[in-house]
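Notes for the one structure printed next.
The values are calculated or read from the model by the stated rules, or taken from the named source; none is laboratory data. This structure is a prediction, so every number in the text was calculated from the model and none was measured. FYI the Cβ positions are ideal-geometry reconstructions off the backbone, even for glycines, and counts take in every protein chain you see.
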């Protein structure tokens, strides 16, 4: 079996359009939530989202190229490019047939779909863009990244709603571990702050409908009432340890465990006992071969919905028992909002940086204690702590649970 390491990272988020900026703002607790500007919210209950700020796609991609991608795919291409550059890998020197891509999106090209549907209704079928299909289908994030870099190994699009980013990294990890790839770009992307998406999630009563950005995404707070839509992408460049060492790569961290389970309970609610999330964490720890007591940090799914935060807390307590109260747990969705299919990938970057620098970001704006959410959520202010192992949880509609176990890199 191969050991799997991270040698490059790329991020575009509501609190930073590269890894350095994103991590800096995560540490100081920048709130990326504000009024929606991507469309007119007249008549909408929801007014807030976490948009990628001051974003001009032509600062990153050729104008002609950018027009061929939906927003979710633009984000994926940008994050993948940063990950490749960050890794200092020479792609001309690797075996392209053993270079894979696993980048998923939770709901795909809503922006293009809505625009072209409007064209269909107002201008007729002949005015629908010939690019509409390749722009809306979710697999084109991984497909276009593979085309750009000539990656001819496995090219996959994992779609597990809000667990997509973590499952994508986990599946790439397994392919590398078992020898099907030497190098992989893996992660998640989302660009769905659109009228139909926001209206749909609102009708589902999943979104916060308040107007105070500091009381909107408040994971584990007793007054939480729904998540805040975010957007962006996170991509990791993964390699087998042997491949990375052979080229003298700088290693940022190691993935040692992955858990993937299903609640098989309800379309949108986690199981009430947190059983599926508990098993997902157990699987990751078992594969990583470490004792529960060694976990130094958990980046929670922590969406700020009443059920998710309650049941994820219960899952952590059921697994770690009395030790649960000694483990710092935080939700960076308090700053970024919920990036849906990109969330797990962006939060994996948080875990890797936390291990690398010995710093745990806060759960921002946690003010009102909830008796059922009684763990150490690193309230409002991040803290320095030297940690060796970190877990990242992602839970998705459909009952999907994914957990990644990261280890601090020590030569």
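Test each condition in (1) buried (at least 20 other Cβ atoms within 10 Å of the Cβ); (2) assigned to a helix (DSSP H, G or I) for residue 391 and report the one that comes out false.
In the conditions (1) buried (at least 20 other Cβ atoms within 10 Å of the Cβ); (2) assigned to a helix (DSSP H, G or I), residue 391 misses (2) alone.
Given (1) over 22 Å from residue 374 (Cα atoms); (2) over 19 Å from the mean Cα position of the chain (by Cα); (3) surrounded by 20 or more Cβ atoms within 10 Å (Cβ to Cβ), where does residue 358 come up short, assuming only one miss?
(3)
Regarding residue 365, is this residue crowded, with 21+ Cβ neighbours inside 10 Å and either in the same structural domain as residue 22 (by TED's automatic domain parsing) or more than 20 Å from the chain's Cα centre (by Cα) (or both)?
yes
Whether any residue in the stretch 273-292 is part of a loop (DSSP other than H, G, I, E, B) and either crowded, with 20+ Cβ neighbours inside 10 Å or not assigned by TED's automatic domain parsing to the domain that holds residue 387 (or both) is what I want to check.
yes
Being surrounded by fewer than 17 Cβ atoms within 10 Å (Cβ to Cβ) and either more than 23 Å from residue 31 (Cα to Cα) or under 15 Å from the mean Cα position of the chain (by Cα) (or both) is the filter here, so list the residues in the stretch 375-388 that pass it.
386, 388
Name the pairs: first residue in the stretch 23-50 and on the phi > 0 side of the Ramachandran plot, second residue part of a loop (DSSP other than H, G, I, E, B), Cβ to Cβ under 9 Å, at least 6 apart or on different chains?
29/361; 29/362; 29/364; 29/365; 29/380; 29/381; 29/382
Looking only at the stretch 173-201, how many residues end up being surrounded by fewer than 24 Cβ atoms within 10 Å (Cβ to Cβ) and under 30 Å from residue 96 (Cα atoms)?
Summing the residues that are surrounded by fewer than 24 Cβ atoms within 10 Å (Cβ to Cβ) and under 30 Å from residue 96 (Cα atoms) in the stretch 173-201 gives 7.
With free of Cβ contacts under 8 Å to residues at least 24 places away in the same chain and within 29 Å of residue 4 (Cβ to Cβ) as the only criterion, which of 287, 275, 282, 291 stands out?
Result of the check over 287, 275, 282, 291: 291.
Of the residues 207, 236, which is more than 29 Å from residue 114 (Cβ to Cβ), at pLDDT 95 or above and crowded, with 17+ Cβ neighbours inside 10 Å?
Result of the check over 207, 236: 236.
When you go through (1) touching a residue at least 24 places away in the same chain (Cβ under 8 Å); (2) surrounded by fewer than 22 Cβ atoms within 10 Å (Cβ to Cβ); (3) more than 26 Å from residue 44 (Cβ to Cβ) one by one for residue 245, which number turns out not to apply?
(1)
Count, please, the residues in the stretch 400-411 that happen to be farther than 20 Å from residue 285 by Cα and surrounded by 21 or more Cβ atoms within 10 Å (Cβ to Cβ).
Residues that pass the stated criteria total 0.
Can you confirm whether the stretch 119-138 contains a residue that is within 29 Å of residue 300 (Cα to Cα), touching a residue at least 12 places away in the same chain (Cβ under 8 Å) and crowded, with 19+ Cβ neighbours inside 10 Å?
yes
Sort through 68, 64 and tell me the only one that's surrounded by fewer than 24 Cβ atoms within 10 Å (Cβ to Cβ) and touching a residue at least 60 places away in the same chain (Cβ under 8 Å).
68
Among the numbered conditions (1) farther than 17 Å from residue 406 by Cβ; (2) touching a helix residue (DSSP H, G or I) at 6+ places or on another chain (Cβ under 6 Å), tell me where residue 253 comes up short.
Evaluating residue 253 over (1) farther than 17 Å from residue 406 by Cβ; (2) touching a helix residue (DSSP H, G or I) at 6+ places or on another chain (Cβ under 6 Å) leaves (1) as the failure.
Restricting to the stretch 312-332, give me the number of residues that are buried (at least 18 other Cβ atoms within 10 Å of the Cβ) and out of contact with any helix residue (DSSP H, G or I) (no Cβ under 7 Å at 6 or more places or on another chain).
5
Answer yes or no: is there a residue in the stretch 93-108 that is in contact (Cβ under 8 Å) with a residue 24 or more places away in the chain, within 21 Å of residue 343 (Cβ to Cβ) and out of contact with any strand residue (DSSP E or B) (no Cβ under 8 Å at 6 or more places or on another chain).
Taking every residue of the stretch 93-108 in turn, at least one turns out to be in contact (Cβ under 8 Å) with a residue 24 or more places away in the chain, within 21 Å of residue 343 (Cβ to Cβ) and out of contact with any strand residue (DSSP E or B) (no Cβ under 8 Å at 6 or more places or on another chain).
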